[in-house]
Amino acid sequence: MTAAPIHPLSSAGQSTATESWQVRLAFSLLSAIVLGAALFVLAPALLQDPDSWWHVRTGQDMLATRTFPTVDTYSYTFAGHPWIAKEWLAQIFLALAYDGAAWNGVALLTAATLLLTVFLLCRQLSEALKPVVAFGLALVLTFLIDGIFTARPHIFTLPIAVVWTASLFRAARADRAPPFRLLALLWLWTNLHATFTLGFVVAAFAGLDFLVRNRFTKPSLLAKWCLFGALCPVISLFNPYGLKAILATFTVAYGNEAVPYLTEWQPFNAAGDPLHEAALLAMAFGLLASGLRIGWPRALFVLFALHLYLTHQRFSYVFFLLVPLVLAQDVAEQFPALSTQSWIREKRDGLERLLLRHHKYLSAAMAAVLVCGFVVFAASRQIEPGQKTSARNALAFAAQQGLSGRVLNSYDFGGTLIFHGIKTFIDGRTDQLFLDGFTQADEDMGNSAGRPLLEAQLEKYAIDWALLSSNDRRIPFFDELPRWKRVYSDPYAVIYIRG
């Protein structure tokens, strides 16, 4: 009798795998719906960053001129100085969204990217953890980084960082070669935002994890990991600026004079952020009390992510999104009750049976809810940045009065001035411009002894008028200057002209 062929997966196994995929997909879609409902309410908050204005304008100018900028044309203080739009692709995305549906389009694009992020996070976590655990964890982690939910280029890198990190550490743990197709994601990351060098670091940690697990027993696989690591910087050279884009990433946090004065670049402050303190303490307690054992390469990655977050608040996503992805498989192996493998062998509960019985219809319905939600949002409300960054009424007054010439502006109004075609004194591009003590001097003008410096700057740059935020510390000095007159004031902005 001829033996029946042995298949790698029985029909029962195939059915179980299909069920697992269907339930995981449903929970991932559900996580996107929950986040989408929250963003529907909080959508205006997505547009409250002053840099959103100049990112949109830069993208519009690149689309109009079909060229990539190499020098500054937006300020008069640093006009002609070298400046590159290293985040050009994200800026074009934002410009297209604005041209298509004004600020509603920008908010919708930002929200869609965040929904994709939580969907992918839930999907990746559910590779190791049971779907309901992955669902809850993905939502909690996503809401913990809501401070970076703004319409800026970094938002487009969140889905990439999730897939990049999960895929590389999963390959290392399974003793496989790194997926070389991921290099396409790195190329996309390179042209979206300056944090693409973080991808190099993640790849290095994953490669170290593979090396420690296998030593030198699998030289062919180790060679592939080394090749992958070598190709990362090579792939990143494929951008409009070549090596300049890579070098520019190091000036974002190092050499940026504005870092000490910007909230997102401040160190983590437990007194001012009790929610994140509680989250950090809960994670530390869980690691200590559970006795979770992780290899030292992954432990180093946790410390690296924690260092980034404690140093600069803007990197909260590195810790809260990527660390759980790296540790999920360790948790699943050492606590089987939380694992996907144990869940597959369990009897399905009522909700899961419902999801499986009507999988196609429910998935289609949830996808339709997301689409309809976007349509309703676009049609039912008009949102735009608030006057804290737009100075809308103040700029309308300036246009009505025909104010022209050089303006001294508060930092937060730099973006809206660029957007409206008014050359700035200072703006949010401090990673490449406003260096050599300029930003420091701008800050010092508001100090108690800053009036002489203010007067010197007014004369040096032949300034004709000033647009200041209502809390700008230079306002008392302007009120005292004999040659300057306040001509406009509202709760958000003040305008002075040279008398």
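The values are calculated or read from the model by the stated rules, or taken from the named source; none is laboratory data. Keep in mind it's a predicted model, so treat the numbers as computed, not measured. When we count neighbours, we look across all protein chains shown, and the Cβ atoms used for this are built from the backbone with ideal geometry, even at glycine.
Structure values in brief
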item: Complete set of residues in region 94-104 that are surrounded by fewer than 19 Cβ atoms within 10 Å (Cβ to Cβ) and either in contact with a helix residue (DSSP H, G or I) (Cβ under 8 Å, 6 or more places away or on another chain) or not in a helix (DSSP H, G or I) (or both); result: LEU96, ASP99, ALA101
item: Check on ARG181, without any contact (Cβ under 8 Å) to a residue 60 or more places away in the chain, assigned by TED's automatic domain parsing to the domain that holds VAL118 and in contact with a Leu (Cβ under 9 Å, 6 or more places away or on another chain); result: no
item: Verdict on SER220 being within 18 Å of LEU158 (Cα to Cα), of a type in the set (Gly, Ala, Ser) and either modelled with pLDDT of 95 or more or surrounded by fewer than 17 Cβ atoms within 10 Å (Cβ to Cβ) (or both); result: no
item: Failed condition for TRP465, given (1) of a type outside the set (Asp, Glu); (2) within 23 Å of TYR76 (Cα to Cα); (3) surrounded by fewer than 17 Cβ atoms within 10 Å (Cβ to Cβ); result: (3)
item: Residue among ALA462, ALA466, ALA456 that is aliphatic (A, V, I, L, M) and free of Cβ contacts under 8 Å to residues at least 12 places away in the same chain; result: ALA456
item: Residue among LEU158, LEU231, LEU208 that is part of a helix (DSSP H, G or I), aliphatic (A, V, I, L, M), touching a helix residue (DSSP H, G or I) at 6+ places or on another chain (Cβ under 7 Å) and within 20 Å of ALA299 (Cβ to Cβ); result: LEU208
item: Subset tally (residues that are in a strand (DSSP E or B) and either acidic (Asp, Glu) or more than 30 Å from the chain's Cα centre (by Cα) (or both)) for region 438-497; result: 12
item: Some residue of region 120-132 being of a type in the set (A, V, I, L, M, F, W, C) and touching a strand residue (DSSP E or B) at 6+ places or on another chain (Cβ under 7 Å); result: yes
item: Every pair of residues 6+ apart whose Cβ atoms lie under 7 Å, when the first sits in region 474-493 and is closer than 14 Å to LEU458 by Cβ and in the same structural domain as ASP464 (by TED's automatic domain parsing) while the second is assigned to a strand (DSSP E or B) and of a type in the set (Ser, Thr, Tyr); result: PHE478/TYR496; TRP484/TYR496; LYS485/TYR496
item: Criterion: touching a helix residue (DSSP H, G or I) at 6+ places or on another chain (Cβ under 7 Å) and of a type in the set (Lys, Arg) - qualifying residue of ARG498, ARG451; result: ARG451
item: Test for ALA204: is it in contact (Cβ under 8 Å) with a residue 60 or more places away in the chain and within 30 Å of VAL118 (Cβ to Cβ); result: no
item: The lone exception for LYS347 - which of (1) modelled with pLDDT of 75 or more; (2) surrounded by fewer than 17 Cβ atoms within 10 Å (Cβ to Cβ) it fails; result: (1)
item: Residue that is farthest from LEU403 (Cα to Cα) [pool: residues in region 472-499 that are hydrophobic (A, V, I, L, M, F, W, C) and out of contact with any strand residue (DSSP E or B) (no Cβ under 7 Å at 6 or more places or on another chain)]; result: PHE477
item: Filter result (closer than 15 Å to LEU30 by Cα and out of contact with any Leu (no Cβ under 9 Å at 6 or more places or on another chain)) within region 132-156; result: GLY136, VAL140
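Conditions (1) buried (at least 23 other Cβ atoms within 10 Å of the Cβ); (2) modelled with pLDDT under 95; (3) among the polar types (S, T, N, Q), marked per residue:
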{"site": "LEU395", "(1), (2), (3)": "no, no, no"}
{"site": "ASN409", "(1), (2), (3)": "yes, no, yes"}
{"site": "PHE413", "(1), (2), (3)": "yes, no, no"}
{"site": "THR416", "(1), (2), (3)": "yes, no, yes"}
{"site": "GLY421", "(1), (2), (3)": "no, no, no"}
{"site": "THR424", "(1), (2), (3)": "yes, no, yes"}
{"site": "ASP427", "(1), (2), (3)": "yes, no, no"}
{"site": "THR430", "(1), (2), (3)": "yes, yes, yes"}
{"site": "ASP436", "(1), (2), (3)": "no, yes, no"}
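Residue by residue, here is whether (1) of a type in the set (Val, Ile, Thr); (2) out of contact with any strand residue (DSSP E or B) (no Cβ under 8 Å at 6 or more places or on another chain); (3) more than 21 Å from VAL375 (Cβ to Cβ); (4) modelled with pLDDT of 95 or more holds:
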{"site": "LEU29", "(1), (2), (3), (4)": "no, yes, no, no"}
{"site": "ALA32", "(1), (2), (3), (4)": "no, yes, no, no"}
{"site": "GLY36", "(1), (2), (3), (4)": "no, yes, no, no"}
{"site": "VAL41", "(1), (2), (3), (4)": "yes, yes, no, no"}
{"site": "LEU46", "(1), (2), (3), (4)": "no, yes, no, no"}
{"site": "SER52", "(1), (2), (3), (4)": "no, yes, yes, yes"}
{"site": "VAL56", "(1), (2), (3), (4)": "yes, yes, yes, yes"}
{"site": "GLN60", "(1), (2), (3), (4)": "no, yes, yes, yes"}
{"site": "LEU63", "(1), (2), (3), (4)": "no, yes, yes, yes"}
